[in-house]
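In what follows, a single structure is set out as structure tokens and then discussed.
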Amino acid sequence: MNFSACKSSTCKESGFTLLEIMLAVFILGLVVSMITVSLSASINAIDGTLQQGQLAYQAQVAMERISEDLSSAILTSDREFIGEQEDNSGEQTVLLSFSSLAHLVFDPEKDSPGMGRIGYAVQADQNHEGDLLLLRSDVLQRPEKDSATGSMTGSEAGSEVEAYILANQLRSVTFTYYDDEGEEQESWDTTVDKGDEEAEEAKAERRLPAAVTCRLEFWLDQDDHEEERTLSFQTTVLLPTGLIQIEPEQE
């Protein structure tokens, strides 16, 4: 079988036209765009799920710590239970201060178990405008003898109180208090500020709340707060010593 060579003058070269190439590029670009949009949506969904998971874990740790502190709260003759509302001034605000048997010992060589003075405060996050930090302080209270009266009083070990960050990326922190009849209170203060005749009667009426509700509201978008996308968590803690009320003896 013989093959004859094709001369350039008689044979035509086959190939793609410019229109075909432009059409192929357009279709390829369209496919790539669709894939990119689909992947971006999937990545955003994954990022959002991870962020919500991180906030949920942070809220769980904070709620567990608050629940343990409050459920072990006690009221002594020289230490008060004080709960205030957030003032939104941007400065550090102590929301809750009370004595509790849930004192944490981080360094056994320098600290020991016992009753601690627990404090919860909020402070503006200097690194993220509009965010709040939830701080927890825990100072061991050691009994000391009052030289004037001879009675035992509690003293806090150390003059400086060091606080640790319990949660960040917060929009608001709210504590709500309930008495033994279920009445809701925005604040709680056992401080006695009355005359001498009424002081003893007022001290007898000092009592812890029966329950405390804590609500933590987190920002979902830490960089853009204009959308007001938040995630909230809430728990209610019963205070055993607040539920048990002892009536004063009748003369």
Assess whether Gly90 counts as being at pLDDT below 85, small (Gly, Ala, Ser) and closer than 17 Å to Val173 by Cα. yes
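Determine whether Ala102 is closer than 30 Å to Gly242 by Cα, part of a helix (DSSP H, G or I), of a type in the set (A, V, I, L, M, F, W, C) and at pLDDT 85 or above. Lay out the reasoning, then the answer.
Values: closer than 30 Å to Gly242 by Cα: yes; part of a helix (DSSP H, G or I): no; of a type in the set (A, V, I, L, M, F, W, C): yes; at pLDDT 85 or above: yes.
Criteria not met by Ala102.
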Taking the condition exposed (fewer than 10 other Cβ atoms within 10 Å of the Cβ) and either out of contact with any helix residue (DSSP H, G or I) (no Cβ under 8 Å at 6 or more places or on another chain) or within 23 Å of Arg215 (Cβ to Cβ) (or both), does Asp107 pass? yes
It is to be established whether one or more residues within the stretch 51-73 are touching a Gly at 6+ places or on another chain (Cβ under 9 Å), within 30 Å of Asp179 (Cβ to Cβ) and of a type in the set (S, T, N, Q). no
Restricting the stretch 110-130 to residues that are surrounded by 14 or more Cβ atoms within 10 Å (Cβ to Cβ) and charged (D, E, K, R), the one modelled with the highest pLDDT turns out to be Arg117
Index of the failed condition, Glu64 passing every other in (1) surrounded by 12 or more Cβ atoms within 10 Å (Cβ to Cβ); (2) of a type in the set (Asp, Glu); (3) not in a loop (DSSP other than H, G, I, E, B): (1)
So the check is Cβ under 8 Å with 6+ separation or different chains; which pairs have a first residue in the stretch 203-231 that's closer than 15 Å to Ile66 by Cβ and a second one that's of a type in the set (Asp, Glu) and modelled with pLDDT of 75 or more? Pro209/Asp179
Extreme residue, modelled with the highest pLDDT, among residues of the stretch 157-212 that are out of contact with any His (no Cβ under 9 Å at 6 or more places or on another chain) and on the phi > 0 side of the Ramachandran plot: Gly182
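The values are calculated or read from the model by the stated rules, or taken from the named source; none is laboratory data. This is a predicted model, so every value here is computed, not measured. When we count neighbours, we look across all protein chains shown, and the Cβ atoms used for this are built from the backbone with ideal geometry, even at glycine.
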